[in-house]
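The values are calculated or read from the model by the stated rules, or taken from the named source; none is laboratory data. What you are looking at is a predicted structure, and each value in this text was computed from that prediction instead of being measured. A quick note on method: Cβ atoms are made from the backbone with ideal geometry, for glycine too, and the neighbour counts reach across all protein chains shown.
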C-alpha cells in the first residue's frame, strides 16, 4: 500500500507522501496560489531541504511523468 495524505487549510494545500520502507524521510508539498514548496527532512543537516517552484513548473513536472524522452511545450488556451 502506498500512502499519502492531502490536507486543506485556508490558503494552503499540504500533500505528504510517505516512504513505506522507512528508508527515506517523508516528502511534503505545500501548495499555494503563487508558489509550491517541496520539503524533506535532512537528519544530517538537522533541517528541511526545500525546493520552490511556480505552479506552472509544478504542472510541467506532473505532466512529464506520462511523457517519453524529448522536449515539450505546454500551450494553454484562455
*If you scan the range 61-78, which residues turn out to be surrounded by 10 or more Cβ atoms within 10 Å (Cβ to Cβ) and under 12 Å from the mean Cα position of the chain (by Cα)?*
61
*asked:* Checking residue 58 against (1) modelled with pLDDT under 95; (2) exposed (fewer than 11 other Cβ atoms within 10 Å of the Cβ): exactly one of these is not met. Which one?
replied: (2)
*Given (1) over 11 Å from the mean Cα position of the chain (by Cα); (2) farther than 18 Å from residue 62 by Cβ, where does residue 50 come up short, assuming only one miss?*
(1)
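Yes/no matrix, rows are residues, columns are (1) farther than 24 Å from residue 74 by Cα; (2) without any contact (Cβ under 8 Å) to a residue 24 or more places away in the chain; (3) touching a helix residue (DSSP H, G or I) at 6+ places or on another chain (Cβ under 6 Å); (4) loosely packed, with under 10 Cβ neighbours inside 10 Å:
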residue: 6; (1), (2), (3), (4): yes, yes, no, no
residue: 18; (1), (2), (3), (4): yes, yes, no, no
residue: 22; (1), (2), (3), (4): yes, yes, no, yes
residue: 34; (1), (2), (3), (4): no, yes, no, yes
residue: 38; (1), (2), (3), (4): no, yes, no, no
residue: 43; (1), (2), (3), (4): yes, yes, no, yes
residue: 46; (1), (2), (3), (4): yes, yes, no, yes
*Conditions: (1) farther than 21 Å from residue 3 by Cβ; (2) surrounded by 12 or more Cβ atoms within 10 Å (Cβ to Cβ). Residue 30 meets all but one. Number of the miss?*
(1)
*residue 10 versus (1) touching a residue at least 12 places away in the same chain (Cβ under 8 Å); (2) over 18 Å from residue 62 (Cα atoms): which is the lone unmet condition?*
(1)
